[in-house]
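Read-outs throughout are calculated quantities, based only on the coordinates presented, and are distinct from any laboratory measurement. These numbers come from a predicted model, not from an experiment. All Cβ positions, glycine included, derive from the backbone under ideal geometry; neighbour counts span all protein chains shown.
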Amino acid sequence: MNIRYRVTLTQCERNELGVLLSGGKHPARRLKRAQILLAADAGVSDEDIVASIGVGGSTVYRTKRRFVEGNLDLALSEQPRPGAERKLTGKEEALLVATACSSPPAGRARWTLHLLADALVRLTAHESLSRETVRRRLAENKLKPWRKDMWCIPQVDADYVARMEDVLDLYAEAPDPKRPVVCFDESPIQLIGETRLPIPAKPGRIERYDCEYRRNGTANLFVFLDVNRPWRKVKVTERRAAEDFAICMRDLAEVHYPEAERIRVVLDNLSTHSLGALYQTFPADEARRVLRRLEFHYVPKHASWLNMVEIEIGVLASQCLDRRIESYARLVTETAAWEKRRNAEFARIKWIFTTKKARAKMGRAYPKPACASA
């Protein structure tokens, strides 16, 4: 016998359904069930509800029945659906994960869904496995064997920790105009020209440029960044030899910071970043005069992220260099304009990583002391 269920809502339930339908992000099925209940409460017939809301008669019947026999939440919610049985057992899923984490077959750079499905067919009693079955099981285990990330894995030893904490302590010091902290690094750049003139943008069409280009050689950018004040300097050179480094250090001491007593320079471990570069470039007395006012602090190997100027070079690359620059002269002009504007904006790098945070986050990687503190 087909039982006819009568829906009678309380005012509180009507208000709750009204709020549900008035806004917010909700599943479409839940919204339609709310509309069914409000219409049924208003006395609308099942046939009219089917026609106005666009659902089947069985949906109207089940929604009303679940409300009458249960409550409002039961009528609005989605009942679990049985679905098909999982094709892979627990042991087979573990085998799939282990296979995906292993080396791919000979001649293949990485695992694909088809390769994994074929491998599992060979290793189990299944006659076939779909690509979608493999994809879902991998997704449940947050595995994407066709993707790889590349990064530099440092050797965190005592020397690494000592250099890292030395640089972090420099950043944490109170500003001292007589003892400024300046980060220094370089970045190569290709000079690329157009083979055909680009087509400018206009309403309804973005700018277009030809895929072909002309290589006009390379250049180098030396970048200085003051840790404690909004100042940076970009120097364009044709190369980055030891002589160029030495000239940059002399300019830093005699041109940019002539009044400073001691300039602490944070830099990486490139072979040209050495005291000997100044003796190689200048007479001994001049090299010694410059070096008396410089103090080099090297970041650990494979830890260029500790050099604050790396962030500034990233800003320079995205704001100024993300285009084709065809000549050395234009590169000088564009980087000078970027430098002037950024200095005028008083832009600074906000560094928040400290020695205390390093010890908290990287404590397990710190070398174990041979002797405990007294």
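The spacing between segment 185-202 and segment 208-243, judged by their C-alpha centroids, is 14 Å. Its Kirkwood hydrodynamic radius, worked out from the mean inverse distance over all distinct Cα pairs, puts segment 68-219 at 23.7 Å.
Label-to-label distance for E165 and H26 is 5.8 nm, based on points extended 7 Å past Cα in the beta-carbon direction. Only one residue of V223, P203, W338 has its Cα farthest out toward the positive end of the dipole of the chain, where Lys and Arg carry +1 and Asp and Glu -1 on Cβ, and that residue is P203.
Rg and Dmax of segment 219-288, both derived from C-alpha coordinates alone, stand at 12.2, 34 Å.
Taking 0.36 nm per residue of sequence separation and removing the Cα-Cα distance, the V19/K202 pair yields an extension gain of 61.3 nm.
Taking only the Cα atoms of the chain, the ratio Rg/Rh comes out at 1.19, with Rh defined as the Kirkwood radius. In this rough spin-label picture, where each label sits 7 Å from Cα along the Cβ direction, the A94-Y366 distance is 3.9 nm.
When the helices of the chain are scored as -39500 (n - 2.57) per DSSP H run of n ≥ 4 and the total is divided over every residue, the value at 222 nm lands at -12500 deg cm²/dmol. Counting only Cβ charges, +1 for Lys and Arg and -1 for Asp and Glu, the dipole size of segment 48-104 around its Cα centre is about 120 debye.
Highest mean packing first, where packing is the average number of other Cβ atoms within 10 Å per residue, the peptides 131-142, 33-44 line up as 33-44, 131-142. Along the chain, the exposed loop sites are chymotrypsin sites (Phe, Trp or Tyr not before Pro) outside DSSP states H, G, I, E and B with at most 11 other Cβ atoms within 10 Å, and the longest stretch free of them is 152-345. Under 16 Å from a label point set 7 Å out along the Cα-to-Cβ vector of R136, the amide N atoms of segment 98-119 belong to 117. Projected onto planes of every orientation and averaged, the convex hull of the alpha-carbon atoms in segment 90-140 covers 3.4 nm². Centre-to-centre separation between the Cα atoms of segment 126-177 and those of segment 1-65: 50 Å.
When DSSP beta bridges are limited to those with both residues in the chain, what percentage is antiparallel, rounded to the nearest 5? Of those bridges, close to 70 percent are antiparallel.
The slack in the chain from E85 to D210, taken as 0.36 nm per residue of separation less the alpha-carbon distance, amounts to 39.6 nm.
Rounded to the nearest 20 debye, the dipole size of segment 90-140 about its Cα centre is 180 debye, using +1 on the Cβ of Lys and Arg and -1 on the Cβ of Asp and Glu. Mean-square fluctuations from a GNM of the chain, with a 10 angstrom spring cutoff on Cα atoms, peak among P180, P80, P200 at P80.
Since only G24, Y61, C12 are under comparison, the one whose Cα sits farthest along the positive direction of the charge dipole of segment 11-76, derived from C-beta charges on Lys, Arg, Asp and Glu, is G24.
Taking 32 Å as the limit for the C-alpha separation, the pairs K202/K235; K301/K356; K25/K144 exceed it in the case of K202/K235.
When you filter the GluC sites (Glu not before Pro) in segment 57-113 for DSSP loop state and at most 13 other Cβ atoms inside 10 Å of their Cβ, you are left with E78, E85.
In segment 11-76, the alpha-carbon atoms span a convex hull of 82 Å³ per residue. Diffusion of segment 134-220 by Stokes-Einstein, at 10 °C in a medium of 1.306 mPa s and with Rh set to the Kirkwood radius over alpha-carbon pairs, works out to 79 µm²/s.
At each listed q (0.15, 0.26, 0.31 Å⁻¹), what is the log10 of I(q)/I(0) that the Debye formula gives for segment 153-198 modelled as equal alpha-carbon point scatterers? So the normalised log intensities are -0.65, -1.02, -1.10.
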